[in-house]
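Here is the structure we will look at.
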């Protein structure tokens, strides 16, 4: 399963939001999903065990400098959603929680380990209290990793690194979570790094029935000559069929099958089946620019000094701008054709 969290900073011109992207296997196992406001989205999946579901809550919490009312409103909505979920099911809470939990787990031994970064802030306390109330564990604080594989956010000047994105799981299913770490090499064009969790539980495949419906090129009927040909063909076939219907030897089901065959055969002969042509939304030139951007991302991660990182960041920003412009131009060209 592949899950993604994205948001934009709150200001007068931007709104926040959350989303997730699912692999094909996860889409087949999806039962339902719903949005609990602009900051929270929830999805439920089937698992190999018939009586257990996998619930994933993706969210974007208010930043630490927001007022208490905004923070409490967020956690109240989050708690309302959790109250609807069954305790026997596996529940995963993940996203940008804007919470620093630190490495000191005094008083929260059942909620977190000692592998966190920095010191716990107010948002960290609220997250820890929420997890304690709902019997959850903060995965990023349990597994030992190097510092670069713990920091999930880097400030624009590369002077500050924080662990504010988290993946939490119900304590009952703690052993199903095998690892949580940061994926620094992902080219996500964001000041956040991806956070990956390796899980043991398997999703259940759902049989998807393929549609047998045939679509025809009805756009051809806009042509007057094709329309006349279609009309004449239908008339000739109907006249031949009318003689059989007048004999009265066919029941209603047989009559329907004969009429249906008349229409489908005419559509196939005159119009033909509709063919779908996948448009290329990304050109070879754009892919080359994406590769350049990826190399610039690697240069940022491999920089050893702040000056080198600042230079690499400027080059990455320029490369990212080139990718966006190229994608926009390719999309506009594709829509015109």
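The values are calculated or read from the model by the stated rules, or taken from the named source; none is laboratory data. The structure displayed is predicted, hence computed values, not measured ones. Note that each Cβ is placed from the backbone with ideal geometry, even for glycine, and that neighbours are counted across all protein chains shown.
Observations, loosely collected:
- Selection status of residue 332, in a helix (DSSP H, G or I) and more than 35 Å from the chain's Cα centre (by Cα): no
- Against the numbered list (1) more than 25 Å from the chain's Cα centre (by Cα); (2) without any contact (Cβ under 8 Å) to a residue 12 or more places away in the chain; (3) closer than 30 Å to residue 336 by Cβ; (4) surrounded by 12 or more Cβ atoms within 10 Å (Cβ to Cβ), residue 224 comes up short only at (4).
- Only one of 85, 117 that is within 16 Å of residue 193 (Cβ to Cβ) and in the same structural domain as residue 52 (by TED's automatic domain parsing): 117
- Verdict on residue 38 being modelled with pLDDT of 90 or more, in the same structural domain as residue 139 (by TED's automatic domain parsing), more than 23 Å from residue 174 (Cα to Cα) and in a loop (DSSP other than H, G, I, E, B): no
- Residue in the range 124-136 that is in a strand (DSSP E or B) and within 25 Å of the chain's Cα centre (by Cα) present: yes
- Applying the condition of being in contact with a helix residue (DSSP H, G or I) (Cβ under 9 Å, 6 or more places away or on another chain), surrounded by 16 or more Cβ atoms within 10 Å (Cβ to Cβ) and assigned to a loop (DSSP other than H, G, I, E, B) to the range 144-189 and asking which residue is modelled with the lowest pLDDT yields 158.
- Only one entry of 65, 73, 83 meets the criterion of being under 19 Å from residue 125 (Cβ atoms) and in a helix (DSSP H, G or I), and that entry is 73.
- Set 297, 328, 324: member being under 20 Å from residue 188 (Cβ atoms) and surrounded by 15 or more Cβ atoms within 10 Å (Cβ to Cβ): 297
- Condition met for residue 304 (part of a loop (DSSP other than H, G, I, E, B), without any contact (Cβ under 8 Å) to a residue 24 or more places away in the chain and outside the structural domain of residue 233 (by TED's automatic domain parsing)): yes
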